[in-house]
Amino acid sequence: KLSLGLFVLPFVPSSIVQGQGQEVRNERPNIIFIMSDDHARQAMSIYGHPIGKVAPTPNIDRIGHEGAVFQNNYCCNSISGPSRAAILTGKHSHKNGFMKNWAKGFDGTQQTLPKILQANGYETAVIGKWHLISKPTGFDHWMILDDQGEYCNPHFITENDTTRHLGYVTDLITKFTEEWLDGRKDKNKPFFLMMHHKAVHRNWVPAERHYHLYEHTTFPLPDNYFDVYEGRYAAQMQKMNIYCDMYEGHDLKMVTGMDSDSLLFDPWPHAFLGTMEPDERCRFLDAYRDRNNEFHSRKRSFKEVAEWKYQRYLQDYMGVVASVDESVGEILDYLKRTGLDKNTIVVYTTDQGFYLGEHGWFDKRFMYEESFGMPIVMRWPGHIKPETQVTGLTQNIDFAPTFLDMCGIEVPRDMQGVSFRKLVETGKKPRDWRKSLYYHYYEFPGFHSVRAHYGVKMERYKLMHFYVEDKWELYDLKTDPTEMHNLYGKQGMEKVTAKLMAELARLQKQYEVPQNLCK
Ligand code: SGN
Ligand code: CA
């Protein structure tokens with residue numbers, strides 16, 4: 001391993017230079033990395049999806065309009081801990097050791113992005129969801145949620161204690177972030193701040209001010225909501241269907257009957273209604289009363305209930321997104337107010353993609369586009385032009401090398417990601433830019449019963465291998481963007497299959513994926 005000391009740069013004093021009639025500060029940039037949880041691309045209006053049109057995210061979009069939107073960014077393993085570990089290390093899961101959410105704690109002794117930045121004179125902090133079991137390392141300040149955290153009156157863990165704070169989780173994280181920014185010890189030092197929201201994670205409890213925001217909104221039902229998964233074994237075996245697997249009380253806030261205050265199935269009451277103060281609980285149940293009564297006012301067919309559940313899911317999910325969008329707006333305003341906006345890179349992303357009813361699903365994990373895809377917008381005045389579209393294939397393992405590159409710090413050779421600084425600064429894809437991406441999901445058995453798989457994505461085609469059961473899937477994303485038709489083994493696909501197989505083998509070799517993890 002390369003030692004951290006190798007990457008320490010001599011201190012560069014701040015100076016201001018004049019460039020093209022505009023003042024450009026010639027100093028190392030600050031970075032605010034805002035990451036939410038489970039925020040689907042479909043639910044960010046800048047991506048142009050019909051859901052975003054009904055429920056826009058103007059503040060998140062602002063980052064993209066003033067800077068760049070990534071059209072082809074993906075994660076390397078679509079669940080929380082593994083995505084976070086990949087971001088911290090710039091390495092695939094098998095290299096950083098955090099392959100599943102629940103197996104073992106992240107090895108905090110290894111080289112990470114915050115540690116390298118810290119060694120190069122950056123002040124570092126993480127506030128919000130951490131979800132890596134072991135305590136954070138490489139941060140001057142950390143204040144993290146307990147595991148997934150709670151929406152109402154959540155517990156925060158610090159070096160010294162665990163404290164329950166009154167308020168809504170998204171608002172608290174925003175407040176603690178601003179307090180940290182205000183109170184930085186040495187304001188001459190650049191900073192790297194990770195602000196990690198719990199929202200939009202299950203069970204989608206909006207802030208009280210948003211209880212009624214989308215109550216009467218009808219969201220567009222995906223065409224494949226009633227998918228029957230023909231020719232797709234792993235899709236048949238999953239347990240993440242909105243109308244079959246969602247917990248009716250916990251997730252959908254459904255009650256036992258007319259005027260009832262008793263939720264239907266809720267396996268984790270301590271993490272939901274149990275976190276609210278008695279008066280908050282009353283206001284919450286009252287807010288859902290009319291719509292729950294309306295549900296009980298007449299008999300409905302299975303299909304009607306399934307569609308009703310989709311609407312309830314989306315109304316709550318987008319209600320939670322609203323608080324995240326407000327938080328982003330608040331941070332952007334803070335930066336402007338304090339003048340920090342000029343030399344601060346602001347990123348908004350999420351730990352992985354998510355299903356909003358496509359294939360009938362919620363959750364993530366699969367290498368299909370909705371969960372594999374990872375939205376990201378990025379703003380850096382003077383470096384990234386407004387309305388930049390990044391179309392090259394990028395991945396969460398690239399974040400660490402890119403930030404180091406942007407801060408003028410050498411990228412360690414053992415990081416597997418590559419800097420996409422050129423792509424985002426020029427808006428162009430260099431000729432020799434990567435043509436394929438590697439993906440590997442390990443957590444089976446586990447929540448939602450998604451079978452372990454690896455795969456390769458190229459510009460047009462995607463090949464996936466559910467290796468325990470030895471089932472292959474092949475998709476033509478040009479003719480079948482919603483991945484409904486598995487072409488593996490179909491006549492005429494031999495050449496394409498062979499090409500993807502070879503590319504997959506090449507990537508597994510390049511990334512040094514141990515063979516025992518592939519069976
Ligand atoms: C919890 C959720 C699951 C979710 C995992 C992982 N169940 O276990 O639905 O897939 O987290 O999510 S819950 O009823 O407890 O909310 S992740 O984003 O942290 O990876
Ligand atoms: Ca997540």
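Given the C-alpha centroids of region 478-502 and region 375-404, what is the distance between them in whole angstrom?
The two parts, judged by their Cα centres, are 30 Å apart.
Do any GluC sites (Glu not before Pro) in region 97-202 lie in a loop, going by DSSP, with at most 14 other beta-carbon atoms within 10 Å of their beta carbon, and if so which?
Here the sparse-neighbourhood loop sites are Glu159.
Order these by the 10 Å Cβ neighbour count, fewest first: His165, His49.
His165, His49
Extent of region 425-490 along each principal axis, from alpha carbon coordinates, in Å, largest to smallest?
That works out to 43, 28, 18 Å along the principal axes.
Under the definition of Cα pairs under 8 Å and six or more residues apart, what whole-number percent is the relative contact order of the chain?
That works out to 23 percent.
Considering only C-alpha atoms, what is the centroid distance from region 122-193 to region 37-65, in Å?
25
In which sequence would Ser327, Ser134, Ser436 go, from the one with the fewest C-beta neighbours within 10 Å to the one with the most?
Listed from fewest to most nearby Cβ atoms, that is Ser134, Ser436, Ser327.
When N is the residue count of region 35-137, what does its C-alpha Rg come to as a fraction of 2.2 N^0.38 Å?
Normalised by 2.2 N^0.38 Å, the Cα Rg of region 35-137 equals 1.25.
Between Lys299 and Val54, take the C-beta separation as r, use R0 = 25 Å, and let me know the FRET efficiency to the nearest 0.05.
0.35
At 7 Å along Cα-to-Cβ for each site, give me the label-to-label distance between Glu230 and Lys495 in nm.
With each label point 7 Å from Cα toward Cβ, the separation is 2.8 nm.
What is the log10 of I(q)/I(0) for the chain, computed with the Debye formula using one identical point scatterer on each Cα and no solvent, at q = 0.10, 0.11 Å⁻¹?
For the chain, the Cα-only Debye profile gives -0.79, -0.96.
Putting +1 on Lys and Arg Cβ atoms and -1 on Asp and Glu Cβ atoms, find which of Leu340, Thr482, Asn292 reaches farthest to the positive end of the dipole of the chain.
Of Leu340, Thr482, Asn292, it is Thr482.
Positive end of the dipole of the chain, charges at C-beta (+1 Lys, Arg; -1 Asp, Glu), about the Cα centre: which of Gln111, Ile144, Ala306 has its Cα farthest in that direction?
So the residue we want is Gln111.
Please give me the summed charge of the neighbours of Phe466: other residues whose Cβ is under 15 Å from its Cβ, Lys and Arg +1, Asp and Glu -1.
Around Phe466, the surrounding residues sum to +1.
Averaged across orientations, what area in nm² does the convex hull of the alpha carbons in region 126-166 project?
For region 126-166, averaging the hull's shadow over all directions gives 2.7 nm².
Pulled fully out, how much extra length does the chain show between Glu425 and Glu208, if you take 0.36 nm times their separation in residues and subtract their Cα-Cα distance?
Extra length from Glu425 to Glu208 when fully extended: 74.1 nm.
With an 8 Å Cα cut-off and a minimum separation of 6 or more residues, compute the relative contact order for region 355-468 in percent.
For region 355-468, the relative contact order is 19 percent.
What does the charge count near Pro386 come to, summing +1 for each Lys or Arg and -1 for each Asp or Glu among other residues with Cβ under 10 Å from its Cβ?
With Lys, Arg at +1 and Asp, Glu at -1, the net is 0.
Quick note: the coordinates plus some simple rules give every number you see, no bench work behind them. For clarity, every value in this text was computed on a predicted model and none was experimentally measured. All Cβ positions, glycine included, derive from the backbone under ideal geometry; neighbour counts span all protein chains shown.
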